[in-house]
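This report concerns only the one structure given below.
Bear in mind these aren't lab numbers, they're just calculated from the coordinates by the rules spelled out. Remember, predicted model here, so these are calculated numbers, not experimental data. Neighbour counts are summed over all protein chains in view; Cβ atoms, including those assigned to glycine, are modelled from backbone coordinates with ideal geometry.
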Amino acid sequence: MNAIILFGSPRKDGNTFRLVDALSQSLKEKGIDVRMVYLNDLNIRPCQGCLACLPEGICRINDDMKDIRKYIFESDLIIYASPVYWYGPSGQLKLAIDRSIAFFDKDYNSRVKGKKAITVMCCADEDADTFTPSIEMFKRTFNLLGITYIGGVEAPSCTDKGTIRDEFLEKAKKLAEMVP
Ligand SMILES: Cc1cc2nc3c(=O)[nH]c(=O)nc-3n(C[C@H](O)[C@H](O)[C@H](O)COP(=O)(O)O)c2cc1C
């Protein structure tokens, strides 16, 4: 089984990374091949809404999304990881999600149907309801794309780097156990 992590935080040593690292280590222990993609390091242009991608699944924009699309097709499990930025995922991750319109064909059938997804998020607020708009967006997006949502881990009260509580790292490890 192959997994891809779409890592949406610009900080490679922050709270999102700690969560992803715990999840990823447990996935690797299960024998799953995990590929990490640091979206912030890549050139991903915003979707232009031209829908030229629908017939063949090929986007007109020639940038790093081309490789990411290939990696997603090669993966059984997609991990969407991001801090909450203004009640949504980071711009880095949202750009990649917008470009996922190329996963539809011209009849809006999904080309990624049957893949599985996990979400990993953290935020500074101590109120876990802060994650609600993002999780709702993920659920609806997965539903449209025919992706099975395995579940997510959401860590509140992550203010500075390293403030993430161990209980959430444990939850990330437990989540890995739920991957079939
Ligand atoms: C641009 C920006 C927007 C943010 N928006 C929110 C928010 O709406 N709610 C919240 O609780 N935290 C918000 N935060 C805080 C981050 O979610 C939090 O610090 C998180 O732990 C950062 O993750 P990282 O260490 O992986 O970078 C925001 C931070 C930034 C930089």
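Most mobile of ASN40, ASN109, ASN15 per a Gaussian network model of the chain (Cα springs, under 10 Å)? Highest fluctuation of the listed residues: ASN109.
A full extension of the chain between TRP86 and ASP166 corresponds to an added length of 26.3 nm, given 0.36 nm per residue minus the alpha carbon distance. Neighbours of ILE135 by Cβ distance under 13 Å: Lys/Arg scored +1, Asp/Glu scored -1, total -1. Checking the cross-link pairs LYS116/LYS174; LYS70/LYS115; LYS70/LYS113; LYS12/LYS66; LYS30/LYS174; LYS70/LYS173 against a 18 Å limit on the alpha carbon distance flags LYS12/LYS66; LYS70/LYS173 as lying beyond it. Look at the alpha carbon pairs under 8 Å that are at least 6 residues apart: their mean separation over the length of the chain gives a relative contact order of 27 percent. A helix-only calculation puts the chain at -10000 deg cm²/dmol for mean residue ellipticity at 222 nm, using -39500 (n - 2.57) for each DSSP H run of at least four residues, averaged over all residues. Sorting 91-97, 131-137 by average packing, meaning the other beta carbons within 10 Å per residue, from highest down gives 91-97, 131-137. Hey, in the GNM for the chain with a 10 angstrom Cα cutoff, which one of PRO156, PRO83, PRO55 fluctuates hardest? Highest fluctuation of the listed residues: PRO55. Spin-label model, ASP125 to GLU74: label points 7 Å out along the Cα-to-beta-carbon direction sit 3.8 nm apart.
Around the Cα centre of the chain, unit charges on the Cβ atoms of Lys, Arg, Asp and Glu (plus for the first two, minus for the last two) sum to a dipole of about 560 debye.
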